[in-house]
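Working notes for the structure below.
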């Protein structure tokens, strides 16, 4: 057998063995904490930005605690020396649970109960107890470091209107995200995209008419599969990426620090991409299709016909249109996933179920490559009638730029994986 083929077989065998070992040894701790963190944030009625922030803090806590023992990567925050003979699994558990309890003190009894149930799967010895206490210190430190990061800052958005003219009396969301302290990038505006197309341009007319035709609630141009994709990707927030990221983390290696690093990188990139996109949204304050299309006679472009009764297939989120939030977030997740899974065809196409739907009723969609997920999300937001094409393209570029920066600067390997 040629050497190149032998190496390929060995790589495949190594990855397969890693996944099996990880599943047996640490998958319950890591993914149980991931699920607990998400459910806790939802129970607290945190919106998508709050859910994403919680997951990032929890996964960075897990990573730093486990990595302090396994010493595979540069830490996110420097940590004290762990106790002798420490267990990475137990330290990870202590870190994730302590971070959650600090973030949601009102839910601490329930968090403690579920964390004790996870702990029951680990060895009940003095090393595990000491390791868990070490992890708790790591988790508490991570939360303390984000305490004044700007999340939930007062909404100072200034509604745009003429004096005396009615507008809907509600403030848009995400204003606090636009001014949050990033996890890695230098500032919210570091990767701010160029402005949306000028309203007098051919590009604007093309994008306007595409969304007006394909994104209308009663569109005759949109196919059944396009409608299904638009509705499939309608949920917002980290729920749309949980299954994708767990697939990528499962292939990251047998050690919990390898797998936790994948989720921590995604947490950093997803949050910073969200901060960057909301910075851009409020910098440009661009109108949603339902506003633009019902005012098509006022944009100064003869190629945009007004449609007075136009409705989008999916109701638009209450924040400015440009750039596309779903596109930015999923593109950042996709870039993190490709760092492990590659950009080519996957060995097995990735199957993703309807985000957030009960398993018994969830539909599913299959994707041969990670990039196919990103591209479908981009198309789906146009077919849903809530974005223009330039916005989806700007979002993808923004998400990839942020993720590339994170991969260059954060949690770098200290030993060969």
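The values are calculated or read from the model by the stated rules, or taken from the named source; none is laboratory data. Quick caveat, the model's predicted, so the values are computed rather than measured. As a convention, Cβ positions derive from the backbone with ideal geometry for all residues, glycine included, and neighbour counts pool all protein chains shown.
Points worth noting:
- Matching residues, region 330-342, being more than 11 Å from residue 244 (Cβ to Cβ) and surrounded by 24 or more Cβ atoms within 10 Å (Cβ to Cβ): 331, 332, 335
- Within the option set 106, 139, being outside the structural domain of residue 279 (by TED's automatic domain parsing), touching a residue at least 12 places away in the same chain (Cβ under 8 Å), surrounded by 14 or more Cβ atoms within 10 Å (Cβ to Cβ) and under 28 Å from the mean Cα position of the chain (by Cα) holds for one residue only, 139.
- Some residue of region 303-314 being more than 19 Å from residue 205 (Cα to Cα) and surrounded by 13 or more Cβ atoms within 10 Å (Cβ to Cβ): yes
- Of the residues making up region 301-320, none is touching a residue at least 60 places away in the same chain (Cβ under 8 Å) and in a helix (DSSP H, G or I).
- Residue pairs meeting the criteria (Cβ under 8 Å; at least 6 apart or on separate chains; first assigned by TED's automatic domain parsing to the domain that holds residue 57, in region 27-44; second outside any helix (DSSP H, G or I)): 28/121; 29/121; 29/122; 40/104; 41/104; 44/104
- Note on region 191-205: residues that are within 23 Å of residue 276 (Cβ to Cβ) and surrounded by fewer than 16 Cβ atoms within 10 Å (Cβ to Cβ) total 4.
- Residue within region 197-204 that is under 20 Å from residue 305 (Cβ atoms) and touching a helix residue (DSSP H, G or I) at 6+ places or on another chain (Cβ under 6 Å) present: yes
- Within region 206-252, being part of a loop (DSSP other than H, G, I, E, B), modelled with pLDDT of 95 or more and surrounded by fewer than 16 Cβ atoms within 10 Å (Cβ to Cβ) holds for 217, 218, 220, 221, 223.
- Tally of residues being touching a residue at least 12 places away in the same chain (Cβ under 8 Å) and either over 27 Å from the mean Cα position of the chain (by Cα) or not assigned by TED's automatic domain parsing to the domain that holds residue 383 (or both) across region 187-217: 14
- Residues of region 218-235 that turn out to be under 21 Å from residue 372 (Cβ atoms) and touching a residue at least 40 places away in the same chain (Cβ under 8 Å), as a count: 11
- Output for region 164-177, where each listed residue is over 29 Å from residue 301 (Cβ atoms) and either in contact with a helix residue (DSSP H, G or I) (Cβ under 6 Å, 6 or more places away or on another chain) or in a loop (DSSP other than H, G, I, E, B) (or both): 169, 171, 173, 177
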